[in-house]
Amino acid sequence: FGPRQFRFVLGEGMKPMVKEADGKLRTDLPKPNSRDDATKAAAAVDEWKLLKKTVAQVAKVQAVRLEQAMVTGRRWSRSEFEELLVRHPLMTNLVRLLVWGGYNAEGRLAGTFRVTEDLTYASGTDEEVTLDEFAQVGIVHPYHLDAEERSVWGELFADYELVPPFSQLGRPILTLEPSEEDQTELKRFACFKVAPQSLVSTLEKLDWQRGMAEDGGVYYLHSKPFYGANVTAVVEYEGVPMGYLDDWDDQSIDRCFFVSGIWKPDSDFEARNRLPLGKADPVVISEVLSDLSTVVAKAK
């Protein structure tokens, strides 16, 4: 403001705040007064408004990315985890709101922990944890925690008033019907008709990747890689043209299937062996059922 200056800081829950010269925190800039430089004060107010909006947008985007990292089983090395997440000035605020897992060299969960305010690591009973015994780190999916572990972590988060940026511990676990387990295609959603705009936008918001366009510029599938399970899920529908969704036919999800390995959406999925649904990773099944339920919730 000219004579007066303020420093931007992130408060709890990634709330943008300003710190005065004496260290006092404020949730908003004060109004300029007659002793301030009018031009500088006006510019500072505009910058502050943009900064608040940008932080909110970035927090929302990064929360979605972290959720998909949990869903797809993404892992970080210990050094990547600490450099890119724990000690990142913005990401650390989200990281401290989640339950993390340490995984051994075979990819199995070896322990759980949280990141504390002083950037150390603690168990669900608040005992110190070191990362030395872990080969990799990832966000724990609740399927891999038993009821007692979920309860312990839930109570601790409640005690510390920690609110995760997405549903983690309370996330529903969805399962196959007994009649579906021996099948290689999931067809329970084929009876729903969804507008093409809703189908495409919802899948892509959930991190599904669009397949290649074929004759007439029409594409027929989306796929999603699940790195932790080394599986790619594929959904096929009637077909949507590139760049033209208005007035196009409503779509039904004809089938969903799973293939071993991580494949790009332009792969020849027809040439790959499909996993029996009952042999697919339970986390993959649960998350795909959740995603497709979200899609058909917008059915006409």
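Would you please state which residues of the stretch 27-57 a label at residue 19 would reach in this model, taking the label point 7 Å out along Cα→Cβ and a backbone N cut-off of under 19 Å? Hits in the stretch 27-57 for residue 19 at 19 Å: 27-30, 48, 51-52, 55.
In the stretch 110-180, one over the average inverse separation of all distinct C-alpha pairs is 13.8 Å, which is the Kirkwood hydrodynamic radius. Derived scalar couplings between HN and Hα for the stretch 183-196 equal 7, 10, 10, 9, 10, 5, 9, 5, 7, 9, 10, 10, 4, x Hz in order, rounded to whole Hz, by the Karplus curve 6.51 cos²θ - 1.76 cosθ + 1.60 (θ = phi - 60°), x for Gly and Pro. Taking 24 Å as the straight-line reach from the Cα of residue 53, the lysines in range (excluding those fewer than 8 positions away in the same chain) are 15, 19, 24, 31, 40, 205. Taking trypsin sites (Lys or Arg not before Pro) across the stretch 61-149, the ones in a DSSP loop with at most 11 further Cβ atoms lying within 10 angstrom of their Cβ are 108. Across the chain, the volume of the C-alpha convex hull divided among the residues equals 181 Å³ per residue. Helix 282-296 axis versus longest C-alpha principal axis of the chain: approximately 90°, rounded to the nearest ten. Rg/Rh, computed from the Cα trace of the stretch 1-75 with Rh as the Kirkwood radius, has the value 1.16. Summarising the label geometry, the points placed 7 Å from Cα in the beta-carbon direction at residue 54 and residue 209 lie 3.0 nm from one another. Stokes-Einstein diffusion of the stretch 23-125 at 25 °C, 0.890 mPa s viscosity, Kirkwood radius from Cα pairs, rounded to a whole number: 147 µm²/s. Give the Debye-formula value of log10 I(q)/I(0) at each listed q (0.15, 0.25, 0.26 Å⁻¹), with one equal scatterer per alpha carbon of the stretch 217-261, two decimals each. For the stretch 217-261 at q = 0.15, 0.25, 0.26 Å⁻¹, log10 I(q)/I(0) is -0.46, -0.85, -0.88. Restriction of the GluC sites (Glu not before Pro) in the stretch 50-152 to DSSP coil positions whose beta-carbon has at most 14 other beta-carbons within 10 angstrom yields 106, 117, 127, 133. Once backbone amide H atoms are built at 1.01 Å from N, residue 252 has 194, 238 as its partners under 5 Å, excluding neighbours fewer than 5 places away on the same chain. Rounded to the nearest 10 degrees, the angle from helix 38-72 to the longest Cα principal axis of the chain is 30 degrees.
Taken together, the values in this text are just the output of simple stated rules run on the coordinates, not laboratory data. Note that this is a predicted model, so its numbers are computed, not measured. A quick note on method: Cβ atoms are made from the backbone with ideal geometry, for glycine too, and the neighbour counts reach across all protein chains shown.
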